Amino acid sequence: MVDLDKIISLCKRRGFIFQGSEQYGGLQGTWDYGPLGVELKNNVKKAWWKSMVYEREDMEGLDSSILLNSLILKYSGHQDTFSDPMCDCRKCKKRFRADQVDPNEKCSEGGLHDLTEPRPFNLMFKTSYGPVASEDSIAYLRPETAQGIFVNFKNVLDSTNRKLPFGIAQIGKSFRNEITPRNFIFRVREFEQMEVEYFVMPGEDEKVYEEWIKERVAWYVKYGIKPENLKTLAQKPEELAHYSKATTDILYRFFPDREGDKQFDEVEGIANRRDFDLTCHNKGGKLVLPDGTEVPNQHAVNKMTYFDHVSNSHVIPYVVEPSAGVDRAFLAFLMDSYEEETVNDSTRTVLKLHPALAPIKVAVLPLKKNKPEIVEFALSIKKDLMKTSGMRTVYDDTAGIGKLYRRQDEVGTPFCITVDFDTLENSTVTVRNRDTMEQERVSADALRAYFSDKIETL
Ligand SMILES: [Zn+2]
């Protein structure tokens, strides 16, 4: 299996991902998605939205704001508890996560590090809004998209007349001031999430939780991840966050060069959060901190309850949360599709991406670029496909046909069309399949139907 270094080099060379702020030496923990990266990332998000929102009967979408009133994060518990333990070295002044620092590591100032006791370091990005910076103008960049969903529970419920169970889905950026961002786009400070909060009657949560684990694993497999590269891991009771009744992580083999279970790390987590979040934000509700301290909510303006006609009572729903990282899913799809094959004594690098996820669906290549009729015909196919099918189609005449095929293989384009001299005679073109490298002759008029059969529309 491909290792991370090869993927990083492909990403830079072909324009999937660049270091953020590279022109000025970079900004650690940020990455910019290039021309192909933005297409693949959009497709991952569209595939998720299609499966989670459009293909189910019980889901609504949401796009809530990134800047949050600090009260949301006070009552969610993030202000008090969203931190990692960190230590400082008194000699070299470097900062480490207490659970990651190696006490036998050599200090750059000589000897071993001289570490302070661990202290909590809050991971939220704080900012101020409005023209005057003061205590009252503090806002946070959201550390998760979930809070925007919880505080809008009542708005969505009232505006859609949903009955339990139902879910709210959201995709968007989140921000965490990680002490040590690392492993490419795996641990970063600005990232994107795809989250569902699924609201159920208390008592139905355990069954729904199990169903979501199955559904989410199946989603990765549907879009091309090999089952042997995925694992689920139920967190042990002593590892659970204090609000969680149960959590299962979906792990992907991000680090094939490591040993055993260390090869796998989290791409998504599914949590049974009970009624913790809606109780926190409920008018007259309360936040319960990990040590049992209760913080009464004195600011919320609405009840976060649901009227159950069966029991004739107001209840606070339970929540099951499948929470996936867009960037991590992107990386998993990229790694899993990467193959090197020997073809005619040379190495062919090919991304066998699911066609729906591929950044470019079709490349149109003229056999001869100095033949105006051929070029014109090729360009008209490109234009027509792009316009009528919505499939990302490109035209390329900057190399010989063999080289052009390999370029498209390397970025996962499922189909190439070649326009040649026969095309001018009978209006047919050659369509080449990325995976089999087989070619077939197709009438130019039939191309749209040909591809719509083979490429799922997201
Ligand atoms: Zn040191």
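Structural remarks
- Taking the criterion of being of a type in the set (Ser, Thr, Tyr) and at pLDDT below 95, the residues of segment 290-315 that qualify are THR293, SER311.
- Residue match in segment 404-415 (condition: assigned to a loop (DSSP other than H, G, I, E, B), charged (D, E, K, R) and modelled with pLDDT of 95 or more): no
- Meets criteria (outside the structural domain of THR423 (by TED's automatic domain parsing), more than 29 Å from the chain's Cα centre (by Cα), among the hydrophobic types (A, V, I, L, M, F, W, C) and surrounded by 15 or more Cβ atoms within 10 Å (Cβ to Cβ)) for VAL301: no
- Residue in segment 84-91 that is within 30 Å of ALA146 (Cα to Cα) and touching a residue at least 60 places away in the same chain (Cβ under 8 Å) present: yes
- Residue identified as surrounded by fewer than 17 Cβ atoms within 10 Å (Cβ to Cβ), acidic (Asp, Glu) and assigned by TED's automatic domain parsing to the domain that holds PRO143 among GLU39, GLU57: GLU57
- The number of residues in segment 72-91 being more than 28 Å from the chain's Cα centre (by Cα) and surrounded by 13 or more Cβ atoms within 10 Å (Cβ to Cβ) comes to 4.
- Only a single criterion out of (1) more than 28 Å from ASN183 (Cα to Cα); (2) modelled with pLDDT of 95 or more; (3) in contact with a helix residue (DSSP H, G or I) (Cβ under 8 Å, 6 or more places away or on another chain); (4) of a type in the set (Phe, Trp, Tyr) is not satisfied by PHE276, namely (3).
- Of the candidates LYS383, LYS454, LYS403, the single residue that is under 33 Å from the mean Cα position of the chain (by Cα), in contact (Cβ under 8 Å) with a residue 60 or more places away in the chain and under 25 Å from PHE16 (Cα atoms) is LYS454.
- Just one of the numbered conditions (1) farther than 30 Å from HIS309 by Cα; (2) assigned by TED's automatic domain parsing to the domain that holds CYS280; (3) at pLDDT below 95 is not true of GLY110: (2).
- When SER21 is tested against (1) free of Cβ contacts under 8 Å to residues at least 40 places away in the same chain; (2) over 23 Å from the mean Cα position of the chain (by Cα), only condition (2) is not met.
- Filter pass, VAL320 being assigned to a loop (DSSP other than H, G, I, E, B), touching a Lys or Arg at 6+ places or on another chain (Cβ under 9 Å) and at pLDDT 95 or above: no
- Scanning segment 116-123 turns up one or more residues that are under 22 Å from GLY325 (Cα atoms) and either part of a strand (DSSP E or B) or in contact (Cβ under 8 Å) with a residue 60 or more places away in the chain (or both).
- Residues located in segment 15-36, provided they are surrounded by fewer than 19 Cβ atoms within 10 Å (Cβ to Cβ) and out of contact with any Ser or Thr (no Cβ under 7 Å at 6 or more places or on another chain): GLY15, PHE18, GLN19, GLU22, GLN23, TYR24, GLY25, GLY26, GLN28, ASP32, GLY34, PRO35
- Pick from segment 212-252, criterion among the small types (Gly, Ala, Ser) and over 17 Å from the mean Cα position of the chain (by Cα), ranking: farthest from LYS262 (Cα to Cα): SER244
- Strands (runs of 3 or more DSSP E) within segment 131-207 that include 1 or more residues among the basic types (Lys, Arg) and within 26 Å of the chain's Cα centre (by Cα): 166-175
- Scan of segment 114-130 for residues that are more than 16 Å from the ligand (Cβ to nearest atom) and among the aliphatic types (A, V, I, L, M), ordered by number: LEU123, MET124
- Pairs where the first residue, in segment 150-171, is within 17 Å of CYS280 (Cβ to Cβ) and the second is modelled with pLDDT under 95 and of a type outside the set (Val, Ile, Thr), C-beta under 7 Å, 6+ apart: LYS154/ASN302
The values are calculated or read from the model by the stated rules, or taken from the named source; none is laboratory data. Nothing here was measured: the structure is a model prediction, and the numbers come from that model. We place every Cβ from the backbone using ideal geometry, glycine too, and count neighbours over all the protein chains shown.
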